[in-house]
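Following: one structure in structure tokens, then a few remarks.
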Amino acid sequence: MMEQTPSFISPPLIPEDLRLPETLKLGVLASGSGSNFEAIAHSIAQGQLNAQIQVLIYNKPKAKARERAERLGIPAILLNHRHFRSREALDHEIVNTFKQHDVEWVIMAGWMRIVTPVLLDAYCDRVLNIHPSLLPSFPGVDGVEQALAAGVKVTGCTVHIAKEEVDSGPILMQAAVPILPDDTSETLHARIQVQEHLIFPRAIALAALQYSE
Ligand code: GRF
């Protein structure tokens, strides 16, 4: 009988290994639920991640992330992509907003827009993304569904430094999640998200430590 679903995080760092000398100033981009945004805020509140979320930018008026920001007392700004003539124009406004809020690191926590060099060059190697698969397998919008369709037995999540190509760039941290026989995309995504919430705050600290070396 199956007792539990094991998970595997690599590198297997604990928060104590990731103590940061300076408080990181984060700007978060979220399009949807914002559970990763809240997990990062929680990790900060627990004293596990020495950081502060300066501002949340969301692009969909009904994004649940906005409600979370309100509850957490974090400023939230709507930049509706439909009101911008190009991806670059949106990214210019994101950079302006982040600079106004003293943001040093950009955290894409379920940001469903393709980012351009306007953002990536303004925050060179300081834009992090999370994706619900073990990259480089299954990039793109439906990483969970792709893993199910491929019949792989293990998938997971990845935090990486964002580059221009979607879901590409140096990998910081991954967690493996077994696929169970009865999994649907919902049940699998829910278990992947548990791991996402564990690795994202740690990967942020790891990125900052690597960057300052
Ligand atoms: C996560 O599964 C993440 O990997 C993907 O989008 C989802 C965002 O979830 N990029 P949430 O909004 O943080 O709950």
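Residues are listed down the side, and each one gets a yes or a no for (1) among the hydrophobic types (A, V, I, L, M, F, W, C); (2) in contact (Cβ under 8 Å) with a residue 40 or more places away in the chain; (3) buried (at least 19 other Cβ atoms within 10 Å of the Cβ); (4) on the phi < 0 side of the Ramachandran plot:
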{"residue": "Y58", "(1), (2), (3), (4)": "no, no, yes, yes"}
{"residue": "L78", "(1), (2), (3), (4)": "yes, no, no, yes"}
{"residue": "F84", "(1), (2), (3), (4)": "yes, no, no, yes"}
{"residue": "F98", "(1), (2), (3), (4)": "yes, yes, yes, yes"}
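For residues that are out of contact with any Cys (no Cβ under 7 Å at 6 or more places or on another chain) and within 13 Å of the ligand (Cβ to nearest atom), tally how many sit in region 178-211.
The qualifying residues number 13.
Which of the residues belonging to region 17-40 are assigned to a strand (DSSP E or B) and either more than 8 Å from the ligand (Cβ to nearest atom) or among the β-branched types (V, I, T) (or both)?
L24, K25, L26, G27, V28, L29
In region 175-188, what count of residues is obtained for those that are buried (at least 19 other Cβ atoms within 10 Å of the Cβ) and part of a helix (DSSP H, G or I)?
Selection size over region 175-188: 1.
Return yes or no: is P75 within 16 Å of the ligand (Cβ to nearest atom) and modelled with pLDDT of 95 or more?
Answer is no for this residue.
Which residue is most open to solvent (accessible area, probe 1.4 Å), if the candidates are limited to region 126-171 and must be closer than 17 Å to S7 by Cα and away from the ligand (no atom under 11 Å from the Cβ)?
Looking at the filtered set, the residue picked out is K153.
Say we look at region 100-125 and pick out the residues that are assigned to a helix (DSSP H, G or I) and surrounded by fewer than 22 Cβ atoms within 10 Å (Cβ to Cβ); which of these is farthest from the ligand (Cβ to nearest atom)?
Only one residue tops the list, namely Q100.
Suppose we filter R82, R66 for residues that are among the basic types (K, R), part of a helix (DSSP H, G or I) and touching a Phe, Trp or Tyr at 6+ places or on another chain (Cβ under 6 Å); which single one remains?
Checking each option against the conditions leaves just R66.
The values are calculated or read from the model by the stated rules, or taken from the named source; none is laboratory data. None of these values were measured; they are calculated from a predicted model. Positions of Cβ are generated from backbone atoms using ideal geometry, with glycine treated the same way; all protein chains shown enter the neighbour counts. Each accessible area value is taken on the protein alone, full model and side chains, heavy atoms only, with ligands, DNA and RNA left out. Shrake-Rupley method; radii C 1.70, N 1.55, O 1.52, S 1.80 Å.
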